[in-house]
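Novice: Starting off with a structure, shown below.
The values are calculated or read from the model by the stated rules, or taken from the named source; none is laboratory data. None of the values given here were measured: they were computed from a predicted structure. Methodologically, a virtual Cβ is constructed for each residue, glycine included, from the backbone with ideal geometry; neighbour enumeration extends over all protein chains shown.
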Amino acid sequence: MRLATDRNDRQPMAFMLTFGNLAMCRARAQFSCNFFAIAGFKVVDNNRFSTIEEGVEAALKAKADIVVACSADDEYLENVPKIAQLIGDKAIVVVAGDPECRPQLEEQGINHYIHVKCNVLDTLREYQKALGVKEL
């Protein structure tokens, strides 16, 4: 899997959009960085953004392929749809965690999640495929 990423024309980038609860955003950013790094993705970690808009601006400036929302579950329902709206089709928005509000987020088109219960290999292969990384 990593070799396929390494042989790709361009290294995909996963950008951690950290916000809200400091302890939760840092824990989830570390998990997410490790998750995507396994497959050879470039990961860009951040301490914590003051606003969602600041984080989105930084992600777009970095030309991220994947933007990972990293915060506490209780902050996702209000903020992730805003992130997705601001990102548009410029990147894949992923939620770090499996929040109780997932059904409400999915109703708003938020369909990408990474967490300890997901199948890491299958999930990473799906992101590779979505980003045009060819399987070997």
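Novice: Of all the residues that make up the range 43-99, how many are assigned to a strand (DSSP E or B) and either surrounded by 23 or more Cβ atoms within 10 Å (Cβ to Cβ) or in contact with a Gly (Cβ under 7 Å, 6 or more places away or on another chain) (or both)? Talk me through it step by step, then tell me what you get.
Specialist: Residues of the range 43-99 that are assigned to a strand (DSSP E or B), as a first pass: 43-44, 66-70, 92-96.
The next check asks that each one be either surrounded by 23 or more Cβ atoms within 10 Å (Cβ to Cβ) or in contact with a Gly (Cβ under 7 Å, 6 or more places away or on another chain) (or both); those that pass are 66-70, 93-96.
Selection size over the range 43-99: 9.
Novice: What is the residue count in the range 74-125 for residues that are of a type in the set (Asp, Glu) and farther than 29 Å from Gly40 by Cβ? Quick ask: steps written out before the conclusion?
Specialist: Quick first cut of the range 74-125, residues of a type in the set (Asp, Glu) only: 74-75, 78, 89, 98, 100, 106-107, 122.
If we keep only those that are farther than 29 Å from Gly40 by Cβ too, we end up with 74-75, 78, 100, 107.
The number of residues fulfilling the criteria is 5.
Novice: As an exercise: evaluate Ala39 against (1) assigned to a helix (DSSP H, G or I); (2) buried (at least 19 other Cβ atoms within 10 Å of the Cβ) and give the number of the one condition it does not meet.
Specialist: (1)
Novice: Which pairs have Cβ atoms under 7 Å, sit 6 or more apart or on different chains, and link a residue in the range 85-111 that is touching a residue at least 12 places away in the same chain (Cβ under 8 Å) and closer than 19 Å to Ser32 by Cβ to one that is assigned to a loop (DSSP other than H, G, I, E, B) and aliphatic (A, V, I, L, M)?
Specialist: Filtered contacts from the range 85-111: Ala91/Ala64; Val93/Ile110; Val95/Ile110.
Novice: Given the criterion among the small types (Gly, Ala, Ser), outside any helix (DSSP H, G or I) and closer than 16 Å to Ala64 by Cβ, identify the matching residue among Gly132, Gly109. Full working, then the answer.
Specialist: Working: Gly109 fails: closer than 16 Å to Ala64 by Cβ.
Every option except Gly132 fails the conditions.
Novice: Okay, moving on. Hey, does the range 48-64 have a residue that's more than 22 Å from Arg2 (Cα to Cα) and modelled with pLDDT under 95?
Specialist: No; the residues of the range 48-64 include none that is more than 22 Å from Arg2 (Cα to Cα) and modelled with pLDDT under 95.
Novice: Condition test on Val80, is it within 13 Å of the chain's Cα centre (by Cα) and under 19 Å from Cys25 (Cα atoms)? Please lay out each step first, then the result.
Specialist: Details: within 13 Å of the chain's Cα centre (by Cα): yes; under 19 Å from Cys25 (Cα atoms): yes.
Here the answer is yes, as Val80 does meet what is asked.
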